[in-house]
Amino acid sequence: MVKTIYLPELCSDEELKELKGHHLDDAWILHLFDEDVDLFSEDGKFILSFRKKLLKETDVGFENYKKMINPSRGRGASAGQIDPDLLYWKKRNLTNTKGISTGYMVNGKVSKMKVNNPVYSTPIGYFDKSTGGLGKDLPCRLTSFTKPNLEEYEAGFPFLKEIADNYKTIRLDEYNKQLERANLKSEYKIPDTPFSTITLNRNFRTALHKDAGDFGGVACLSVLEEGKFNGGLFMIPKFGIGVNMRHGDLLIADVHQYHCNTELWETEEQKEYNKVNCHSFKNINKENGVVGIEHDFTRMSFVCYLREKIINCD
């Protein structure tokens, strides 16, 4: 039987806003969940539903989508505070550094863009119209990482469909609301799901943030793994929540709550095991300085959602 628990607020959004873009440790966790559970606030508002080892198409998901993960310098507050001691930044001459963003010198001139810490995080599926960082207008489209990898993208659909099918079973009202909206622009919908877009992350410890640009505020998250590691707990500090989301688990959550992850780490024994047994990212240059590249293990997380402005696409 799935537990249903109602939790009191421990702090306000205004207090948490002061910590936006900062990494929080597990001292914020008062309630750690590693079992099936539905969580609500004391006034009955949905927080999350968590199910352990629910997904079966994990090999399909991992083997196809690992090929589509690329670095990003545009993940905003979730990428954390700029750390000048990070290997990536040591190779560059930083300028106008403030909080989560920085500029840098290119050929003796200040770069035209301000960027965030580099992390492995890639959107696949569809994006709505947007204005690029250099002022270039972009139409509704398949993302740039999807088009050259269409074979892998489509081969991984059974995993995404499995997430969607379980979403329907667990949170029917939210699923139906999202599906109805997605069907209004079905050409921008991932088949057999209510999602337009999936964000793929590798070894990305997110700093405190709220998701934006999504419809409804509810997203489906999962993790697929290679190797052994510790940490990476999903946290919602407003309620003191920590969730031990691991391989094949499914988390359906209100991502308009401030959330983040704890640190990812290995024991020496785990490091030795991972050196021998983890092969998926062996060929990546570890000197590129992207956060998380230093580890041989892989924690690949999926965030599945519907972009709000897809409805405006032609």
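Placing dummy labels 7 Å off each Cα toward the beta-carbon, the span from residue 150 to residue 168 is 2.6 nm. Cβ-to-Cβ counts within 10 Å put 296, 314, 211 in ascending order as 314, 211, 296, the fewest first. For the chain, the extents of the C-alpha atoms along the principal axes are 60, 49, 44 Å, listed from largest to smallest. Within the chain, the cysteines lacking any other cysteine Cβ closer than 4.7 Å to their own Cβ are 11, 260, 278. Roughly how many Å is it from the Cα centre of the stretch 280-307 to that of the stretch 224-264, as a whole number? With the stretch 280-307 and the stretch 224-264 each reduced to a Cα centre, they are spaced 16 Å.
Quick note: the coordinates plus some simple rules give every number you see, no bench work behind them. The structure displayed is predicted, hence computed values, not measured ones. Note that we place each Cβ from the backbone using ideal geometry, even for glycine, and neighbour counts take in every protein chain shown.
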